[in-house]
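Working notes for the structure below.
The values are calculated or read from the model by the stated rules, or taken from the named source; none is laboratory data. Note that the coordinates shown come from a computational prediction; the quantities given were computed from them, not determined experimentally. Note that we place each Cβ from the backbone using ideal geometry, even for glycine, and neighbour counts take in every protein chain shown.
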There are 4 protein chains.
Amino acid sequence: MQLGLIGLGKMGGNMRERIRRAGHTVIGYDRNPDVSDVKSLAELVEQLDAPRHIWVMVPAGTATQTVIDELGDLLEPGDTVIDGGNSRWTDDEKHAAALAIKGIGFVDAGVSGGVWGLQNGYALMVGGDKKHVEALEPIFEALKPDGPYGYVHAGRVGAGHFSKMVHNGIEYAMMQAYAEGWELLEKVHSVENVREVFRSWQEGTVIRSWLLDLAVNALDEDEHLEKLRGYAEDSGEGRWTVEAAIDNAVPLPAITASLFARFASRQDDSPQMKMIAALRNQFGGHAVEKKD
Amino acid sequence: MQLGLIGLGKMGGNMRERIRRAGHTVIGYDRNPDVSDVKSLAELVEQLDAPRHIWVMVPAGTATQTVIDELGDLLEPGDTVIDGGNSRWTDDEKHAAALAIKGIGFVDAGVSGGVWGLQNGYALMVGGDKKHVEALEPIFEALKPDGPYGYVHAGRVGAGHFSKMVHNGIEYAMMQAYAEGWELLEKVHSVENVREVFRSWQEGTVIRSWLLDLAVNALDEDEHLEKLRGYAEDSGEGRWTVEAAIDNAVPLPAITASLFARFASRQDDSPQMKMIAALRNQFGGHAVEKKD
Amino acid sequence: MQLGLIGLGKMGGNMRERIRRAGHTVIGYDRNPDVSDVKSLAELVEQLDAPRHIWVMVPAGTATQTVIDELGDLLEPGDTVIDGGNSRWTDDEKHAAALAIKGIGFVDAGVSGGVWGLQNGYALMVGGDKKHVEALEPIFEALKPDGPYGYVHAGRVGAGHFSKMVHNGIEYAMMQAYAEGWELLEKVHSVENVREVFRSWQEGTVIRSWLLDLAVNALDEDEHLEKLRGYAEDSGEGRWTVEAAIDNAVPLPAITASLFARFASRQDDSPQMKMIAALRNQFGGHAVEKKD
Amino acid sequence: MQLGLIGLGKMGGNMRERIRRAGHTVIGYDRNPDVSDVKSLAELVEQLDAPRHIWVMVPAGTATQTVIDELGDLLEPGDTVIDGGNSRWTDDEKHAAALAIKGIGFVDAGVSGGVWGLQNGYALMVGGDKKHVEALEPIFEALKPDGPYGYVHAGRVGAGHFSKMVHNGIEYAMMQAYAEGWELLEKVHSVENVREVFRSWQEGTVIRSWLLDLAVNALDEDEHLEKLRGYAEDSGEGRWTVEAAIDNAVPLPAITASLFARFASRQDDSPQMKMIAALRNQFGGHAVEKKD
């Protein structure tokens, strides 16, 4: 089938390639003319036969909003827009409603796979009406991994991004789990070979996983991670997961601890711990460390 | 080679079988005569050629201590005792020292595998002197999974149990990660098919793992886990992991949160939350829920 | 001076009384005619001399929004609206902007004091332009406690509610601190007299506080809190505090743990702990507790 | 009455002074001859009339153990030893048992008050047999604050130190509560006057406390705590509180979060966050920060 694909960065470019390898026609548009197949959104729309399917793969927030607004003006009733970016699930309902007024369908797709997706396939979590989702299944089939898993129609509009968001929240806590264990092993002298302990865990243990394999890769490159700083960004989905939990009164202690550990990792000096030091000094005369 | 194996319960019995399948001679002893190959520890020791290797696979604590004390009296210089139970790593040094006085070697082995071990092999994390560990490698080879991983000589005496303990700490937080994500998905109405979301994650995602596969198995048996109570035991190793972290001033927020969630799950009514309710009532006149 | 006061519930009614005792004129309006001084908002506005000051003390959200919208239609340039309810600070800027178009001033006031306020005074945290705030200081003086503290002009519009929100976040974690300590003391047999331990802490300790005094009051009424359920509501401000922290990448581990403990206290059975139980059963054959 | 007092450091020296002001006889011993009243423990014991009461106020652990062992040799049946240091409650039973064999009584006293104790009195939490505790009450009366609170006979041997330990655990979480709130207020631009917000909270709020007063003192000395590093020691009792909670399966999320925040504050670079950074780089190609 035909697909329009907007956004040909690290993710979008590889996705175009994987869909084409499956025999579909992909017309890609990007602001960067070196990678774009057409000169404008208008040209993209023009080159596709109706009913059109256009996959938006641009940064969440303003960029996605702008593209969806423009598509609302360019597309016709019966066309469908897929938002495959990392949009917040609360945006999906707004986008779906705005497009529905014009007779345009909307599907949200959470996409996992990162730099490994071209080779291994992209896991897809999709939300939307059955008729819109089913029409796109050839594309989902092309993108997903080869095995029996990796694609789900999770529910209504928003369910795709919501599921992907929770996936990322789980990912935060799993990474934190390995990281905490690694630090404790590195700290204790009786364990002389932490990297080999991690390597051994790749078979027969309860904690074997793809993330563990990646941890071993990382330790093979730099056994004690001495080249790195303990500094970790967060991408939004961890924050949204905690916010969704708060909205729903669901306790998420491990995922939230993982998010907060990242926040703390980016502080040169912790303001709250200054207050702790100040209070200890006030009541106990405990020494404080002064700034130079 | 020959191995004495003490403790033929769920774990020990299957381990005997797996080692025998690899062509070794195992003489097993258990207090239960129906499964025991010999009538007493003394007979076990008698039937083995020196230097003997005796694997202890009994509950951690008093039972292990008793067996090791008895072996100290029965064995000869040059023999080796392996503690494959879930002993606390701090016990290993004591056991090694007590046996070393008598010229008996000591190796600690953390064993992972549970009910799947006979079929898939047991992951082994081993601590001890090189000469003791190397002599046992045919047994470790027989027990471990078939692939390249699953066995490590982690370091000095205690390093095996310490590594296994950290493995379990990581396991706690990974399980908590999936559990938190599952609860949040179940709570949100747009996601209509949580079990299928979990199933889809088994390929192409960052969070694919053996534990995820097990979660899907569990949901296939009981889609919304309606037959279960939210009640979780803990087995000691999670607690020791947090204690080791405290001893070493290592922050473990996600693992500790996972341990505390289990503690809370076993309380019919939370005393601390009674105090919260009482305080809210005192300062704000907020209604409290009374016991019937 | 004159003040219009809208909302004469538990808080508003007592505030009217305290302001009147200080010699000011308060005209109160409430939907409940039994407590209201006037029959309508329009009558309230009519009876006040310009420039009018009208304090809104109704539930946050829709109720506050409705009243402010109505006041926007009824008031004149030069008048000022004070929102003393528990509004989210993000609403304050919207309200200020909407009223500013009509020349009406806006001040937000976070109010603490609960059922003790009439007697002890109300702590006030106020946000807004200097000229609006200064004109209201006779009222703030009347409401605040008698001592040198209890009132602050915290900053721009929104700063009052933001400060009050953080106050409540701190309150959550302080309550949790006492509650955790109380549960631990109650659990340990050597401490035979937990209530008296709490009572003794009221002088000479680092942890003496008004909340501690309230805890002692509560224990005097019910020594082991046996009449209560461990069930705690949360009022919104704890949630907003965590959300503000997430927006600002500030780690709030203790406050968030306190919020999550309340969420968990309201669950009859924990879905996430069902998943933990299910996973333990899958990999270890561990027994699970079934629902009856 | 007469009291022997061993250890005349910052705490012990002031306690000697406060007890003497109350009209009692205190003979103090310290290894530092400049502050000591006698030359040796033996001389101290000799100068006191039987039955003797000897208060030990030296660092917990080895120093306390050594002094108690020596007193066991020097004292007579009917004498009583009070351990007022920060000993772990688990040591108390051992000390009591060892002394009981010789007919010597033992009382454990948790002491709070720090540098403010001489002036305001010391809060005392005491454990031991009724007869031993009652004989010491004149001394407890002299040390405690003037008001009705500040002294409790908490229970059996160990209950004093256990109560003091929990006091410190609560203290950790209360400090963390204020510290988190302060950081969030400092981060948000609408709140222009964080110090004055804290000051205002000293009356009429739910969170007024002595620690809050100290926080205001600290901010008066250094409004934004710019002279300090965010570095906080921990003194043992926070760790023991968490360990006691683990032993008793009591969840302590806020207190534990506070302890871990201190651990993290003392790390120049977080090993666990290096692992997070490494994993993000492995699966997503996310940039990492390199060490210089």
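In this structure, residue D:224 does not satisfy being under 30 Å from residue C:107 (Cα atoms), within 14 Å of chain C (Cβ to nearest Cβ) and not in a helix (DSSP H, G or I).
Somewhere in the range A:243-252, is a residue at positive phi, out of contact with any helix residue (DSSP H, G or I) (no Cβ under 8 Å at 6 or more places or on another chain) and not assigned by the TED database to the domain that holds residue A:87? No, that holds for no residue. Would you be able to say whether some residue in the range C:136-148 is within 14 Å of the chain's Cα centre (by Cα), in contact (Cβ under 8 Å) with a residue 40 or more places away in the chain, assigned to a helix (DSSP H, G or I) and surrounded by fewer than 19 Cβ atoms within 10 Å (Cβ to Cβ)? Within the range C:136-148 (the criterion being within 14 Å of the chain's Cα centre (by Cα), in contact (Cβ under 8 Å) with a residue 40 or more places away in the chain, assigned to a helix (DSSP H, G or I) and surrounded by fewer than 19 Cβ atoms within 10 Å (Cβ to Cβ)), the answer is no, since none of the residues qualifies.
Do we find a residue being hydrophobic (A, V, I, L, M, F, W, C), assigned by the TED database to the domain that holds residue B:242 and in contact with a Ser or Thr (Cβ under 6 Å, 6 or more places away or on another chain) anywhere in the range B:167-185? Working first, answer last.
From the range B:167-185, those hydrophobic (A, V, I, L, M, F, W, C) are B:170, B:173-175, B:177, B:179, B:182, B:184-185; that's our starting set.
Subset that is assigned by the TED database to the domain that holds residue B:242: B:170, B:173-175, B:177, B:179, B:182, B:184-185.
Then drop every residue that is not in contact with a Ser or Thr (Cβ under 6 Å, 6 or more places away or on another chain), which leaves B:173.
The answer is yes, given that some residue of the range B:167-185 is hydrophobic (A, V, I, L, M, F, W, C), assigned by the TED database to the domain that holds residue B:242 and in contact with a Ser or Thr (Cβ under 6 Å, 6 or more places away or on another chain).
Does at least one position in the range D:173-186 carry a residue that is over 14 Å from residue D:84 (Cβ atoms) and surrounded by fewer than 24 Cβ atoms within 10 Å (Cβ to Cβ)? Lay out the reasoning, then the answer.
Within the range D:173-186, the first condition is being over 14 Å from residue D:84 (Cβ atoms), and the residues that meet it are D:173-186.
Remaining after also requiring surrounded by fewer than 24 Cβ atoms within 10 Å (Cβ to Cβ): D:186.
Scanning the range D:173-186 turns up at least one residue that is over 14 Å from residue D:84 (Cβ atoms) and surrounded by fewer than 24 Cβ atoms within 10 Å (Cβ to Cβ).
Regarding residue A:126, is this residue under 28 Å from residue B:204 (Cα atoms) and touching a His at 6+ places or on another chain (Cβ under 9 Å)? Against the criterion (under 28 Å from residue B:204 (Cα atoms) and touching a His at 6+ places or on another chain (Cβ under 9 Å)), residue A:126 qualifies. For residue A:65, the conditions (1) surrounded by fewer than 14 Cβ atoms within 10 Å (Cβ to Cβ); (2) closer than 30 Å to residue A:243 by Cα are fulfilled apart from (1). Residue-level check: of (1) at pLDDT 95 or above; (2) at positive phi, residue A:113 misses just (1).
Residue-wise test of (1) at pLDDT below 95; (2) more than 26 Å from residue C:103 (Cβ to Cβ); (3) loosely packed, with under 15 Cβ neighbours inside 10 Å.
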site: C:24; (1), (2), (3): no, no, no
site: C:32; (1), (2), (3): no, yes, yes
site: C:40; (1), (2), (3): no, no, yes
site: C:45; (1), (2), (3): no, no, no
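Among the residues making up the range A:171-200, those that are under 16 Å from the mean Cα position of the chain (by Cα) and either more than 25 Å from residue B:246 (Cα to Cα) or not aliphatic (A, V, I, L, M) (or both) are A:171, A:172.
Out of all the residues in the range A:229-236, is one or more of a type in the set (Asp, Glu) and under 22 Å from residue B:206 (Cα atoms)? Checked against the condition, which is being of a type in the set (Asp, Glu) and under 22 Å from residue B:206 (Cα atoms), the range A:229-236 yields at least one hit. Could you grab me the full set of residues in the range B:1-59 that are within 14 Å of residue B:74 (Cα to Cα), out of contact with any Phe, Trp or Tyr (no Cβ under 7 Å at 6 or more places or on another chain) and part of a helix (DSSP H, G or I)? Listed by number, the residues that qualify are B:42, B:43, B:45, B:46, B:47. The set of residues from the range D:158-207 being within 7 Å of chain C (Cβ to nearest Cβ) and in a loop (DSSP other than H, G, I, E, B) comprises D:158, D:188, D:190, D:192, D:193, D:201, D:202, D:203, D:204, D:205, D:206, D:207.
Here residue D:265 passes the criteria (1) over 30 Å from residue C:144 (Cβ atoms); (2) of a type in the set (Ser, Thr, Tyr); (3) out of contact with any Gly (no Cβ under 6 Å at 6 or more places or on another chain) except the one numbered (3). For the range D:40-53, the condition holds for at least one residue, the condition being that it is in contact (Cβ under 8 Å) with a residue 12 or more places away in the chain and under 23 Å from the mean Cα position of the chain (by Cα). Within the range B:208-220, being at the interface with another protein chain (Cβ under 8 Å from one of its Cβ atoms), more than 12 Å from residue C:279 (Cα to Cα) and not in a loop (DSSP other than H, G, I, E, B) holds for one residue alone: B:209. When residue A:124 is tested against the conditions (1) buried (at least 24 other Cβ atoms within 10 Å of the Cβ); (2) more than 23 Å from residue A:83 (Cβ to Cβ), the lone failure is (2). Filtering the range A:254-266 to residues that are without any contact (Cβ under 8 Å) to a residue 40 or more places away in the chain and either more than 8 Å from chain D (Cβ to nearest Cβ) or of a type in the set (Phe, Trp, Tyr) (or both) leaves A:256, A:260, A:263, A:266.
Taken together, A:128, A:113, A:121, A:117 contain a single residue that is closer than 19 Å to residue A:143 by Cα and under 12 Å from the mean Cα position of the chain (by Cα), which is A:113.
Residues in the range D:106-115: is at least one part of a helix (DSSP H, G or I), out of contact with any Asp or Glu (no Cβ under 9 Å at 6 or more places or on another chain) and under 20 Å from residue D:235 (Cβ atoms)? Give the steps one after another, and end with the answer.
If we filter the range D:106-115 for residues that are part of a helix (DSSP H, G or I), which is where we start, we get D:114-115.
Within this subset, residues satisfying the condition of being out of contact with any Asp or Glu (no Cβ under 9 Å at 6 or more places or on another chain) are D:114-115.
From what is left, the residues that are under 20 Å from residue D:235 (Cβ atoms) are D:114-115.
For the range D:106-115, residues part of a helix (DSSP H, G or I), out of contact with any Asp or Glu (no Cβ under 9 Å at 6 or more places or on another chain) and under 20 Å from residue D:235 (Cβ atoms): present.
Scanning the range D:236-253 for residues that are facing another protein chain (nearest Cβ under 7 Å) and not in a helix (DSSP H, G or I), which turns out surrounded by the fewest Cβ atoms within 10 Å (Cβ to Cβ)? Across the range D:236-253, the extreme among qualifying residues is D:248. Here residue D:280 fulfils each of the conditions (1) in contact with a His (Cβ under 8 Å, 6 or more places away or on another chain); (2) touching a residue at least 40 places away in the same chain (Cβ under 8 Å) apart from (2). Total residues in the range A:265-292 satisfying the condition of being touching a Ser or Thr at 6+ places or on another chain (Cβ under 8 Å) and among the β-branched types (Val, Ile, Thr): the figure is 1.
Given the criteria in a helix (DSSP H, G or I) and within 25 Å of residue B:189 (Cα to Cα), does residue A:66 qualify? When the stated conditions are applied, residue A:66 does not pass them. Residues that are within 8 Å of another protein chain (Cβ to nearest Cβ) and within 26 Å of residue A:91 (Cα to Cα) within the range A:122-152 comprise A:122, A:123, A:124, A:125, A:127, A:144, A:150, A:151, A:152, listed in sequence order. All told, residue A:272 meets the bar of being facing chain D (nearest Cβ under 9 Å), more than 27 Å from the chain's Cα centre (by Cα) and either surrounded by 15 or more Cβ atoms within 10 Å (Cβ to Cβ) or under 29 Å from residue A:170 (Cβ atoms) (or both). Residue A:193 meets the conditions (1) surrounded by 24 or more Cβ atoms within 10 Å (Cβ to Cβ); (2) farther than 17 Å from residue A:214 by Cβ; (3) among the polar types (S, T, N, Q) in every case but one. The failed one is (1).
So, residue A:237, is that one closer than 23 Å to residue A:162 by Cα and assigned by the TED database to the domain that holds residue A:174 or not? Walk me through how you get there before you give the answer.
Values: closer than 23 Å to residue A:162 by Cα: yes; assigned by the TED database to the domain that holds residue A:174: yes.
For residue A:237, the condition - closer than 23 Å to residue A:162 by Cα and assigned by the TED database to the domain that holds residue A:174 - is met.
Checked against the criterion of being part of a helix (DSSP H, G or I), of a type outside the set (Lys, Arg) and buried (at least 19 other Cβ atoms within 10 Å of the Cβ), the range C:72-86 has no qualifying residue.
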